[in-house]
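In what follows, a single structure is set out as structure tokens and then discussed.
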Amino acid sequence: MAQKTIRQALHEALAQEMRRDPRVVVIGEDVAGGAGTGGGRDAAGGVLGVTKGLITEFGEDRVIDTPITESAIMGMAAGSAVSGLRPVAELMFSDFLGVCFDQIYNQAAKFRYMFGGKARTPLVIRTMIGAGRSAAAQHSQSPYGIFTSVPGLKVVIPSNAYDAKGLLIQAIRDDDPVIFCEHKLMYDLKTEVPDEAYTVPFGEANIVRDGDDVTIVAFARMVHYAAAAAETLAREGIDCELIDPRTTSPLDADTILDSVARTGRLVVVDEATPRCSMAADIAALVAEHAFGVLKAPIRRVTAPHTPVPFAPGLEKLYIPDSDRIAAVVREAQGYAR
Amino acid sequence: MSITPITMPKWGLTMTEGKVVQWLKPQGGAFAKGEELLEIETSKITNVLEAEEDGTLTRIVAPEDTTLPIGALLAVVAPETTPAAEVDAFIAGFVVPEPSEETMAEAEAGPRTVDIGGRSLRYLERGAGVPVVMLHGFGADLNTWMFTQPALADRHRTIALELPGHGGSTKDVGAGTLDALADAVEAALATLDIDRAHLIGHSMGGAVAAAVAARRPDRAATLTLIAPAGLGPEINATFIDGFVRATRRKDAEAVLRLLVRDPALVSRTMVEDMLRNKRIDGATAALETIAHAWFPGGHQAVDITASVAGLAMAVQLIWGADDRIVPETHALAARVPVHVVEHAGHLPHMEKAGAVNDLIRRFIAA
């Protein structure tokens, strides 16, 4: 089976679904990649090259290049979704959610509920998250916790190319609005990805690694840091079970609780800020439902409650890394009442 | 007799290392060929390593709970009279062999596909010689032969072929019937230039192998049927329905556990592999079609007893004593030699790989 990057996996998912279903359209800034510029039509394929080739194959009616107006993109996407299309809209940086949040939060997320289940909103919003490129405070955030807090939205955070393709196809076939978060430093990560179309179900976590000592729950890029920490810890005799929820809404609470029932220890690793976050949410879940089995306090490894720093040195300190994760896991494992 | 090493085996395509879970013989203990020496866990599967010859477990080198690469020294087997210093020297001088170029090339090659009139079937080919063709059971894929294929590839051109609807093969199964699957296998063998082969089939693949042998007796050198379908009406409908329906890890795991005597054999990766196969567009519908054709109403509709009885080539049956999918009593319906494998369920070729490999090797060499 071929090794593919997350970028290729996402492209394949889009192209295969557009071939399968004429209702699938792509909307966003620069999705036609270079159209109208000196670079020529389809020169780039979006800022990250994910949509490259789509306008050539599917034309301007299905690959819709928009002005720099997130509110218009999301309004168009929400409206076309309730009226029969299956749009995949791009919110280039998730940090820009503020300028289009009404369309997402108060429109798309509410239609099914307010129209008594008669309206469907099969809308996917692909958006970039994550720090690590010195892109400064306005282009480096991971606000999936905000999206997750909204009933009516589904939220997907893939950490590898296999999941990225299967989850994006699932998102496109889903009848509810889905926020699909792509970490900007992970597009070149490779794994084995089938050529065929396939779906990865929402609400089923991936168990990245089995272990009986400490449960680690991590998202996106943090899955890889946590895996590296778990390798180090295994050599010290601490066996971590690493869980990648893949979707935060719906959340696979069972897999997390089953794991903690065995390990009695939980460390949540999240690149997002800690207040009202996924880390807080999962800590609350376990505290509420598994308090009796806990052998140590629940620990969170997250960014601090500050904007993302621009200075590379500070940004490096801001993002959780394997050493920090390992140190906290050791504390959890060594905790004595 | 000289000092010989016991090393980390390679089980399956993707294995690079394995973990010593437990030694089943004590240091200094004698063992007979075929006895279980230790339990090894890989990312795919946990299984036991069986002794290839009689001997004494002179020195255990790899302690339990350690993870080592393929080829690493696990233990030393030496005649009882061997001085301890010689054993020490052997251990000190042991070098993990570099994988041969051939092994590397094979690992690179991986599975390929063969076109059968616009549809494609995936297969894994290893080795050279008189061909051996292996057909897996319902819902399975070529990984079911991960212990069988390497044991035969040193003397044979071995082909583990994936039936339509399975693994990386086409999801177009036609009517999904015995004939539809046998047609696909025949077409694949023709394209792969296999005029005559030893056929090995497991479960549903056993019935398909028998059908292929019955159609073209000149093409089947021998026929080995492992817990085949088609010899009686009973089938574990919970397994078939559960397999078709499972989309979540927990359900998939419960279903796979029905296949084996020791549930520890079912690893998380086995479950993940099953789900990945099933997630591909068309896979579940293909399995439904096949299940409907083969096992309508929870009973087997396919009957191969007559065709097996009429076969002129050598036929053997292998069955796990604790099979919970297809009852071992079905073996009585075929008037051919039956080998019942103790302590094995529906996957004796995986659960007791050493014993089953021996049965197959001896049978096709005879």
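Structure above, values below:
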read-out	value
Lone qualifier among A:ILE179, A:ILE172 - being within 14 Å of another protein chain (Cβ to nearest Cβ), touching a residue at least 60 places away in the same chain (Cβ under 8 Å) and over 24 Å from B:SER267 (Cβ atoms)	A:ILE172
Set A:ALA234, A:ALA228: member being open to solvent by 40 Å² or more (accessible area, probe 1.4 Å), farther than 30 Å from A:VAL24 by Cβ and of a type in the set (A, V, I, L, M)	A:ALA228
Test: residue in the range A:299-322 that is away from every other protein chain (no Cβ under 14 Å), of a type in the set (S, T, N, Q), open to solvent by 20 Å² or more (accessible area, probe 1.4 Å) and assigned to a helix (DSSP H, G or I)	yes
Residue match in the range B:77-91 (condition: closer than 22 Å to B:ALA353 by Cα and either aliphatic (A, V, I, L, M) or in contact (Cβ under 8 Å) with a residue 12 or more places away in the chain (or both))	yes
Filter result for A:GLU196 (within 16 Å of the chain's Cα centre (by Cα), part of a loop (DSSP other than H, G, I, E, B), within 25 Å of A:ARG7 (Cβ to Cβ) and within 13 Å of another protein chain (Cβ to nearest Cβ))	no
Residue in the range B:292-307 that is more than 14 Å from chain A (Cβ to nearest Cβ), among the small types (Gly, Ala, Ser) and either at positive phi or crowded, with 22+ Cβ neighbours inside 10 Å (or both) present	yes
A:ILE325 vs. criteria touching a residue at least 24 places away in the same chain (Cβ under 8 Å), part of a helix (DSSP H, G or I) and touching a Phe, Trp or Tyr at 6+ places or on another chain (Cβ under 9 Å)	yes
In the range B:247-279, the residues that are within 11 Å of chain A (Cβ to nearest Cβ) and of a type in the set (A, V, I, L, M)	B:ALA252, B:VAL271, B:LEU275
Positions within the range B:147-165 being aliphatic (A, V, I, L, M) and either within 25 Å of B:ARG119 (Cβ to Cβ) or over 15 Å from the mean Cα position of the chain (by Cα) (or both), in sequence order	B:ILE159, B:ALA160, B:LEU161, B:LEU163
A:LEU257 being part of a loop (DSSP other than H, G, I, E, B), open to solvent by 30 Å² or more (accessible area, probe 1.4 Å) and more than 10 Å from every other protein chain (Cβ to nearest Cβ)	no
B:ALA197 being surrounded by 21 or more Cβ atoms within 10 Å (Cβ to Cβ) and either under 21 Å from B:ALA334 (Cα atoms) or of a type in the set (Val, Ile, Thr) (or both)	no
The range B:246-263 residues that are on the phi < 0 side of the Ramachandran plot and open to solvent by less than 20 Å² (accessible area, probe 1.4 Å), paired with ones that are modelled with pLDDT under 95 and of a type in the set (Asp, Glu) (beta carbon under 8 Å, 6 or more apart)	B:VAL260/B:GLU351
Failed item in (1) open to solvent by 30 Å² or more (accessible area, probe 1.4 Å); (2) in contact with a Lys or Arg (Cβ under 9 Å, 6 or more places away or on another chain), with B:GLY12 passing the rest	(1)
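The values are calculated or read from the model by the stated rules, or taken from the named source; none is laboratory data. In this text, all values refer to a predicted model and were calculated from it rather than measured experimentally. So basically every Cβ, Gly included, is an ideal-geometry build from the backbone, and we count neighbours across all protein chains shown. SASA here: full protein model, heavy atoms, side chains in, ligands and nucleic acids out. Shrake-Rupley method; radii C 1.70, N 1.55, O 1.52, S 1.80 Å.
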